[in-house]
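The structure under discussion appears below in the form of structure tokens.
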Amino acid sequence: MRPENGERRGWWKSSAAADGEQQLDAVGILLLLPATLLLVVMFIGPVGFAFYLGVTNIALVGPTAQHFHFTGLKNLHRLVNDRLFWESLKLTAIFLGASAVVGVTIIGMALAVLMQHAVTWLRTVVGAIVVVAWMLPPITAALLWYAFSTTGGTLSLLSGSDSDILNDFPMTIVCLANIWSTAGFSMLVLSSGLRTVPAEVLEAGKMEGASRWQVFRSLTLPIMRPTIVTNVLLVTLLSLANFSLIYIMTAGGPGNATNILPIYSYQQAFQFNKLAYGALLGDVVVIIATVFAYLYVRVSRPSRAGYRPQGKLA
Amino acid sequence: MIQSASAVADGNAGGPPIADVKKTREWFVTNGLLAIIGLAFLAPMLWLALAAVDANAGWALQLPHFTLANLIAVTRGDYLQALLNTLEISLVATGVSTIAGVFGGYALSRRNIPLSDELMVGVLFLTGIPVAIMIVPVFEVFAKYDLLSLVPTGVFLGVTSLPFALWLIKTAIDAVPKELEEAATIERANILQVILHVTVPVALPGIFAAAIYSFINAWGAFLPPLVLISDPSQATGPLKIYGLIGSAAVRYGDIAAFSIVYSLPVVVLYILMSRPFSGGFSMGGAVKG
Amino acid sequence: MVQYKPRHLASSFAALAMGVGLLGSSGISGRALAADKTVISVAYGETYVFDTEDLTKKWWNGVKAEFEAKFPDATLQLVPIGGGYDDITNKLSLLYRSSRTAPDVAQIATPVIGQFSSSGYLLPLDSYLADEAWWKQFPKVIQGEGVFQGKTYAVNTGENDSQLYYNMDLFKKAGLPVPWTPHNWNDILNAARTIKAKLPHIIPVWLNAGSSSGDNGILQGAGNLLAGSTVPTIYDKKTQKWVVDSPGLREVLDFYHSVYSEGMGANLSDLFSPSAVTIPLTLIAQGKVAITFGSNYYGGNWTKLICSPCWADATKVAGVVPIPTVDGHSPDIATTVGGWDFAVSASTKSPHYAWELVKLMESDINQINAANWAGFVPANQLIVKEPAFVDFAPPYNAVSAQVLPYGVISPASGDYLVWSHGLQEATGALAQHPNTTVDAAIGVMSDYVSNQLDSSAVETLK
């Protein structure tokens, strides 16, 4: 089933574009100007400059702090041969995969679904707790989880021993902390998405004798696919940008166990004074974010064709 | 229109009465699971509550040597100043992000902007860029123009949340029926009036969501204020907490107490705003035809 | 359902933001002060250098009052920097990038002075120092810490060095001699073994390990041992390479291996805590640890004034003795030394006032107060004997002063921190996985440093 003419090509595309207006929209450009200026000057500009810094020999302090120059491929060469970089890349993948993709989506979805059917007071209370966890400033969340998982903290008391769970399983704890602090957001997004699943569709499924789980898996999930994909992307990006949490909990340690790329980049730039190399590592993070955004576009494109909320499934 | 959570909750209650046993079992499973998850989320917050009222607080979870001194101490003096500073920076950030976001989101949604699709995706991936990599160039520019203070830092924080805000607002505006705007235009309203009196009210949940997001983002911001603010009287909450952790004599009770006081405003904000903005996270434009 | 009136909301929002903005702009950088007076700015650590925030304020407000009374046409602008050691250094690095923000005078950590000098940020002080009597009282090694390419760029304002602290009550209980005088590292290990055998619930030795305290952990831990080893070289000046394997390093890691594989060390979560270096202060006061490699500020911290923690019986229970060298070779004292220095900005508009400020801060009374309130040992060899210092925390301050001249300063290069991190990881590995061999630990260190600095920058000394 192909989309009819005049149908929106993709939900993120502007509704005006389909009309085929050709002339330059001065008003539109003017309206967009404040946002554009701000983003270019304070966001894209610095990021672009960071890309340039990545191939120089700038240091935070020292002879090349002010008088630095382009060094060609030298930093890239270091990057490729840096055992710690590849390790960091792997850790970042684990962190994003485990906490962003799996953890938050599953827990967020579980919460959204459970909340729909639970008693009102429980829904309000748990909803509040989870959203508060998301709203807590990262530094507070980091402190909480540090106290929670260190020796004598709640987690170790619960596990019966006096062990230092944070230092024994640093990556696990850090992923759990990230899930804890982003689940609220996921829950909100997925709850909203659940609400748009038409009741008639679910009724139809139940009429045909399908169990709750079957209804969920074959009807609800596919309809919610765009929302889920969007959520995964957003949470991945948010996790990637969540520097403070890990920095304050473990600063990348113990050893290099939780040294994901944003942390490693900061460490190189601000602890070891190698601003250029830190910038280069940061550039890799930007590239990762770009890859995710691109993948997202690819994945959500085919889902557009064929789902019409009026109940006609392709 | 705005849907409240309770409206849909009854969606499945109208099914045929199967065995009551099965329903009761489902009820227990659902509510039980939810309660367990709720407790799991509550668990880490325990330390905060206990240590804040503990005179001999440490990292360990222990029964407090009860005192209110910590909580009292962190609501005055430097701490109060830090809270006010955080409020100032967050309001500026929210203002910048929301206003630029509303106009920009409207333009991207309703106007004919060249390459707007690519722009949107570009805007989206900006969300994932960690602040750390651009903080040094930003510092240099701010230093050059004497902008190393609260308000410019607030503007910067607003800009860092602008991509996501733009995205949320544009999505919300997409869902506003065009007929409403057309009706206003027929009555000869200019574009600003259309935006402010027609589009914004209908898209309000999404705009609120964007504003809340920007506020939370700025409230919790750590690295930008750390780098960009030098004047200690302009320190924000996270900087204060960070200073407390790193000081020569660590006072855990104060850290916990101040963390609570510092986190309270965002929590209050949620409680106040939960109705209007809960619908705003709907990727509604995505699914509606 | 609540009705939202968008017009009111939008306009009141805008008004709020603007009002808040105006509020904010009135409190900007103090450059916009009274036009007539010369403004001198001084940057320093707000929460990290002095022992409490109150004492920080007391010392700096005192300096400000004194300076402005002495020079009525000048104003001192205080620029405290929050956060820890790294944050202070990073903030200074940023501030120095523009002459607009560069502080006229700054308190800089000793290990990074060389980097600031080599950036061209600092003003050479030799001409100012030539006539100063107090400068001549600094030991040569401490005078040298601010030297870069033959010029002096910084003057010391207080040093830290290390000693061994031991709980005399626990020693007596275990039948060990008091006062304790270890002559080599084996003496330390044997005492620890006795404690472990006789008092199984007591931690025998606190020895910093891992990277949670950064270079501070080395300064108050492994660095001292390396200073007392047979080959203490960190940076080989002849070959210009970093030493990642040497008999000295092996002796140090062997000591760690003995301590941790025999279960004589502290528990991991304390060792890896972000505030690890201050934990032994409490543990030894609580009688939970018998021996700790500690720093000179311990004595002051236990006094009523500093009280972190308060330990009224400290002088009766905590003994102090210099750290011996590995095999007792002369002078049988091993310690690192490092602290904070004052430097003047190269772009300062008032070098005269800036220097007057430094002189004022180096006065006897200010140095003694700084030493007592920040836990320093004054560099000035006359002040170090003053009763006001010695009697502030007897007998600890006397021992701190005694070991100071033997202190070893870390290399001034920026890459030192990378080397230090490598050693931190090696010690961390030995503490966390006590079965690690010394060879493996050396491997951890040399792998890390070679990876970070390139294998051509490192070497093994035989």
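In the range C:127-138, the residues that are within 20 Å of C:P378 (Cβ to Cβ) form Cβ pairs under 7 Å with partners that are of a type outside the set (A, V, I, L, M, F, W, C) and surrounded by fewer than 17 Cβ atoms within 10 Å (Cβ to Cβ), at six or more places apart or across chains, as follows: C:Q137/C:Q381. Cβ-Cβ distance below 7 Å, separation of 6 or more or different chains: which pairs start in the range C:336-360 with a residue that is in a helix (DSSP H, G or I) and end on one that is among the small types (G, A, S)? Short answer, once both residue conditions are applied: C:Y353/C:A74.
The residue of the range C:258-278 that is farthest from the chain's Cα centre (by Cα), among those that are surrounded by fewer than 21 Cβ atoms within 10 Å (Cβ to Cβ) and either within 14 Å of chain A (Cβ to nearest Cβ) or assigned to a strand (DSSP E or B) (or both), is C:N267. Restricting C:H183, C:H201 to residues that are within 14 Å of chain A (Cβ to nearest Cβ) and more than 14 Å from C:L423 (Cα to Cα) narrows the list to C:H201. Looking only at residues in the range A:78-136 that are facing another protein chain (nearest Cβ under 10 Å) and of a type in the set (K, R), the one that is surrounded by the fewest Cβ atoms within 10 Å (Cβ to Cβ) is A:R83. The residue that is nearest to C:L360 (Cα to Cα), counting only those in the range C:104-114 that are within 11 Å of chain A (Cβ to nearest Cβ) and either surrounded by fewer than 21 Cβ atoms within 10 Å (Cβ to Cβ) or touching a helix residue (DSSP H, G or I) at 6+ places or on another chain (Cβ under 8 Å) (or both), is C:I108. Among the residues of the range C:118-159, those that are polar (S, T, N, Q) and modelled with pLDDT of 90 or more comprise C:S127, C:Q137, C:Q143, C:T152, C:N156, C:T157. The single residue among C:V244, C:V231, C:V205 that is buried (at least 23 other Cβ atoms within 10 Å of the Cβ), closer than 30 Å to C:F376 by Cβ and not acidic (D, E) turns out to be C:V205. Of all residues in the range A:41-58, those being more than 14 Å from chain B (Cβ to nearest Cβ) and hydroxyl-bearing (S, T, Y) number 0. From the list A:V299, A:V284, the one residue that fits, being under 24 Å from A:I179 (Cα atoms), touching a helix residue (DSSP H, G or I) at 6+ places or on another chain (Cβ under 7 Å), more than 9 Å from chain B (Cβ to nearest Cβ) and modelled with pLDDT of 85 or more, is A:V284. Filtered by the rule that a residue be touching a Phe, Trp or Tyr at 6+ places or on another chain (Cβ under 7 Å) and closer than 19 Å to C:Y165 by Cα, the range C:375-411 gives C:G375, C:Y396, C:N397. Considering only residues in the range C:411-436 that are closer than 13 Å to C:N208 by Cβ and among the hydroxyl-bearing types (S, T, Y), the one that is surrounded by the fewest Cβ atoms within 10 Å (Cβ to Cβ) turns out to be C:S420. Within the range A:59-76, the set of residues being more than 9 Å from every other protein chain (Cβ to nearest Cβ) and either buried (at least 19 other Cβ atoms within 10 Å of the Cβ) or more than 23 Å from C:L95 (Cβ to Cβ) (or both) comprises A:H69, A:F70, A:T71, A:G72, A:L73, A:K74, A:N75, A:L76.
Inclusion of B:G95 among residues that are farther than 30 Å from C:S93 by Cα, more than 7 Å from chain A (Cβ to nearest Cβ) and part of a helix (DSSP H, G or I) is warranted.
Of all the helices (runs of 4 or more DSSP H) wholly in the range A:34-125, which have at least 1 residues that are farther than 25 Å from A:T236 by Cα?
Fully inside the range A:34-125 and qualifying: A:45-53, A:74-81, A:105-117.
Per-residue answers, yes or no, for (1) surrounded by 17 or more Cβ atoms within 10 Å (Cβ to Cβ); (2) in a strand (DSSP E or B):
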{"residue": "C:S127", "(1), (2)": "no, no"}
{"residue": "C:V155", "(1), (2)": "yes, yes"}
{"residue": "C:N160", "(1), (2)": "yes, yes"}
{"residue": "C:W180", "(1), (2)": "yes, no"}
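For the range B:132-147, which positions are crowded, with 18+ Cβ neighbours inside 10 Å and either facing another protein chain (nearest Cβ under 7 Å) or in contact with an Asp or Glu (Cβ under 8 Å, 6 or more places away or on another chain) (or both)? Once the filter is applied, which keeps residues that are crowded, with 18+ Cβ neighbours inside 10 Å and either facing another protein chain (nearest Cβ under 7 Å) or in contact with an Asp or Glu (Cβ under 8 Å, 6 or more places away or on another chain) (or both), the range B:132-147 yields B:A132, B:I133, B:M134, B:V136, B:P137, B:V138, B:F139, B:A143. Would you confirm, using the coordinates I've provided, whether B:Y252 is under 16 Å from C:S308 (Cα atoms) and either at the interface with another protein chain (Cβ under 8 Å from one of its Cβ atoms) or at pLDDT 80 or above (or both)? So B:Y252 passes the test.
Conditions (1) more than 9 Å from every other protein chain (Cβ to nearest Cβ); (2) out of contact with any Asp or Glu (no Cβ under 7 Å at 6 or more places or on another chain); (3) among the aromatic types (F, W, Y); (4) within 30 Å of C:G319 (Cβ to Cβ), marked per residue:
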residue	(1), (2), (3), (4)
C:K91	no, yes, no, no
C:R97	no, no, no, no
C:T101	no, yes, no, no
C:L122	yes, yes, no, no
C:Q149	yes, yes, no, no
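Only one entry in B:L84, B:L68 is more than 7 Å from every other protein chain (Cβ to nearest Cβ), over 26 Å from A:L240 (Cα atoms), out of contact with any His (no Cβ under 8 Å at 6 or more places or on another chain) and modelled with pLDDT of 85 or more, namely B:L84. With respect to the conditions (1) in a loop (DSSP other than H, G, I, E, B); (2) farther than 22 Å from A:Q66 by Cα; (3) without any contact (Cβ under 8 Å) to a residue 60 or more places away in the chain, C:P80 lacks only one, and its number is (1). Residues that are touching a helix residue (DSSP H, G or I) at 6+ places or on another chain (Cβ under 7 Å), in contact (Cβ under 8 Å) with a residue 24 or more places away in the chain and closer than 30 Å to B:G128 by Cβ: does the range A:195-210 have at least one? So far as the range A:195-210 goes, yes, one or more of its residues are touching a helix residue (DSSP H, G or I) at 6+ places or on another chain (Cβ under 7 Å), in contact (Cβ under 8 Å) with a residue 24 or more places away in the chain and closer than 30 Å to B:G128 by Cβ.
The rows are residues; the columns are (1) over 17 Å from B:S97 (Cβ atoms); (2) of a type in the set (D, E); (3) buried (at least 24 other Cβ atoms within 10 Å of the Cβ); (4) at the interface with chain A (Cβ under 10 Å from one of its Cβ atoms).
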| site | (1), (2), (3), (4) |
| --- | --- |
| B:A183 | yes, no, no, no |
| B:R188 | yes, no, no, no |
| B:L192 | yes, no, no, yes |
| B:I207 | no, no, yes, no |
| B:L226 | yes, no, no, yes |
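If the condition is being among the charged types (D, E, K, R) and out of contact with any Gly (no Cβ under 9 Å at 6 or more places or on another chain), then the range C:204-244 contributes C:D236, C:K237, C:K238, C:K241.
The values are calculated or read from the model by the stated rules, or taken from the named source; none is laboratory data. As the structure is a prediction and not an experimental result, all values here were calculated from the model. Note: ideal-geometry Cβ built from the backbone for every residue, glycine included; neighbour counts use all protein chains shown.
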